[in-house]
Each structure stands twice: as C-alpha cells, then as structure tokens.
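Please treat every number below as a calculation from the coordinates, not as lab data. Remember, it's a predicted structure, so these values are computed and weren't measured experimentally. Cβ sites come from the backbone with ideal geometry, for glycine too, and all protein chains shown count toward neighbours.
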Amino acid sequence: MSIAPERCRLVFQKLERDLDKLSAEPEAKRVHRFRTGVRRLQTLLEDLCPALDRNQKRLLKLLTRTRKKAGKVRDLDVQLAALRSLKVPQEPRRKTQLMHQLIELRGQREKKLSKALSREAVREIHKRLKQARKDFHPDVNRDPLSVARQILEPIAKADGFPTEELVHQYRLLGKRARYAAEFASKSPESAQFIAQIERVLDALGDWHDWLTLTQSAAKRLGDVRESSLVAALHNVTGAKFRNAVTSLSAAPVAFPATRAPQTGQGGTRKRQSRTSEPAASAPTAA
C-alpha cells in the first residue's frame with residue numbers, strides 16, 4: 001500500500017498554521033493540535049523517509065523542544081477537564097483548592113511555552129518546515145500500514161496481563177502506529193485498522209488523563225488515607241484502567257497479544273491494592 005502524497009503535504013501545511021495559532025494564543029485546542037501535528041510529522045520523517053537530512057534533523061529537534069513545553073500545558077488541560085467532570089460530594093473545598101492550584105500551574109507553564117515561541121524561534125521553524133516540505137521524498141518502498149504493524153510488534157510479543165506501565169507503552173506505540181497508518185492511501189483495510197486503533201486509544205487516553213490527575217491530587221492532598229477526594233479519584237482511575245485493558249483485548253487486529261484481566265486482576269498489584277482501600281461512595285464522571 002503506497003504513501004498518500006496529499007496527506008504528506010497536508011501535514012507540513014497544517015503544522016505551519018497550527019504553529020502560528022499557538023504562538024498567538026496557547027489555548028487548549030491549539031496546544032493539542034500543535035502537539036499531534038508535531039507527532040505526525042515526526043512519524044512521517046523518521047518512519048517513512050529513507051534518511052533524515054541535516055535540515056530535517058534540526059527541524060525535529062526544534063519541534064520536539066517546543067512540543068515538550070506544550071505537553072506540560074496539555075497535561076494540565078486534561079487534568080482540569082477531568083476534575084471539572086468529577087461529581088462527588090466529598091471535600092468540595094479541597095476540590096476547589098486543587099482546581100486553583102492546577103490553574104495557577106497551567107499559567108506558569110503557558111508563560112514558558114510562550115517564551116519558547118519567540119518571533120525568532122517561530123521564524124526559524126517556519127523556514128525549516130518549508131525547506132523540509134520542498135526536499136521531502138518518502139520511501140516509495142515503505143508501506144505505511146506495514147510500518148504501523150511493525151511499530152506494534154513489541155505489543156504482539158508481550159505476554160501476561162497488562163500492567164499500568166505496559167498499558168502506557170501500548171498507548172505511546174498505538175499513537176505512533178495510528179499516525180503511520182494515516183499516511184496510507186485510502187482503502188477498507190487501512191480504514192478498519194485506523195478506526196480500531198482509535199477506539200483503543202480513546203480508552204487508553206481516558207485512563208491516562210485520570211491517572212495523571214490522581215497523581216497530581218495525591219501529591220498535593222495526600223494519599224487515600226488522608227483525602228477522600230484522592231480515594232475517589234483512585235476509584236475512577238481503577239475503573240478507567242479496567243476499561244482500557246478490555247478495549248485492548250477487544251482489538252485483536254491492532255493489539256493481538258493483549259488479554260483482559262480476570263475478575264480482581266489487572267493493572268499493577270500495588271495500584272490495585274490502593275484503589276481497593278475504603279473510600280468515598282462511588283463517584284461518577286460527567
């Protein structure tokens with residue numbers, strides 16, 4: 001299956017637009033679009049190109065540096081969204097306190113991102129993006145869908161019940177595999193693969209968002225013995241993890257080796273024991 005040239009051109013063009021929008025105002029949607037745009041370009045150049053030239057290497061280095069700063073802002077955006085959706089009666093003041101702390105931290109990280117997006121930095125990235133687009137020549141012998149499946153090979157070789165650490169690795173590899181598959185020419189096979197992997201990534205991403213929020217809350221409010229809000233978050237995260245593993249096991253084409261845990265299993269045993277401690281009544285995420 002060949003690489004779709006129009007898809008390659010679009011990635012360069014879209015990233016240029018997203019860079020300008022982000023530098024003007026780093027609001028949540030723009031941060032997210034820029035990060036995914038950088039990841040797509042990175043997959044295109046590193047996995048579907050014969051070799052990186054000097055300009056491409058420098059471009060990826062600049063983009064990666066900026067993406068990491070944008071990622072720290074994005075982490076706070078997803079935590080705030082998850083916290084706002086949490087409907088629990090326990091410790092309303094602590095929830096408000098945590099919300100304010102995360103908003104303040106988000107502001108600090110946004111300032112660092114804006115500083116990194118100086119006129120000079122944006123100008124250089126634009127210059128290198130245009131040159132990279134002009135010089136781009138994909139490896140005609142590389143099938144994007146085959147590359148996507150090769151990316152997932154470490155998952156196929158995994159054995160046993162997925163732990164939190166493994167599921168996190170599945171998430172990272174799955175995103176990269178999806179980006180690679182998106183460069184394939186349209187076909188029923190590529191559409192099925194992408195749709196399946198997107199369903200899994202939605203579940204894995206949802207779990208990871210709540211896990212990150214739970215870790216932030218525990219750092220600021222104490223563990224489950226010290227805060228009923230943290231205990232409630234642990235309960236939600238545990239349920240999200242079980243859903244993520246179930247999604248993995250239900251997608252044999254994309255993740256053939258994963259198995260859903262039996263009743264009472266799944267995730268690392270440490271985290272399972274924490275989430276099973278006495279906590280507040282079962283919370284719901286709106």
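Using the Cα centre of the chain as the reference point, and only Cβ charges (+1 on K/R, -1 on D/E), how large is the resulting charge dipole? Debye, rounded to the nearest 20.
Result for the chain is approximately 1060 debye, rounded to the nearest 20.
What's the exposure ranking of HIS126, HIS234, HIS32, going from fewest to most Cβ atoms within 10 Å?
Result, fewest neighbours first: HIS126, HIS32, HIS234.
I'd like the distance between the alpha-carbon centres of segment 72-146 and segment 191-236, rounded to an integer number of Å.
18
For ALA180, what charge total do you get from the other residues with a beta carbon under 13 Å from its beta carbon, if Lys and Arg give +1 and Asp and Glu give -1?
Here the count lands on +2.
Before anything else, pin down the relative contact order of segment 5-285: Cα pairs under 8 Å, at least 6 apart, normalised by residue count, whole percent.
22
Using Cβ counts within 10 Å as a stand-in for footprinting exposure, how do CYS49, CYS8 rank, fewest first?
CYS49, CYS8
Beyond 20 Å, what share of the Cα-Cα pairs of segment 72-181 is found? Please give it as a whole percent.
When all Cα pairs of segment 72-181 are counted, 69 percent exceed 20 Å.
Please check the chain for the longest run free of trypsin sites (Lys or Arg not before Pro) that are loop-located per DSSP (anything but H, G, I, E, B) and have at most 16 other Cβ atoms within 10 Å.
1-156
By a straight-distance test (C-alpha under 26 Å), which lysines pair with LYS57 as possible cross-link partners, with residues fewer than eight away in the same chain excluded?
Candidates past the 8-residue exclusion: LYS14, LYS21, LYS68, LYS69, LYS72, LYS112, LYS115, LYS127, LYS130, LYS134, LYS175.
By counting other Cβ atoms within 10 Å of each Cβ, how are VAL78, VAL245, VAL224 ranked from fewest to most?
Listing VAL78, VAL245, VAL224 from fewest to most nearby Cβ atoms yields VAL78, VAL224, VAL245.
Based on DSSP H runs of at least 4 residues, each adding -39500 (n - 2.57), what is the mean residue ellipticity at 222 nm of the chain after dividing by all its residues, to the nearest 500 deg cm²/dmol?
-24500 deg cm²/dmol, from helical runs alone.
For percent of Cα pairs over 27 Å apart, pick the label among [x] 49; [y] 31; [z] 42 that corresponds to the value derived from the coordinates.
This structure yields the entry labelled [x].
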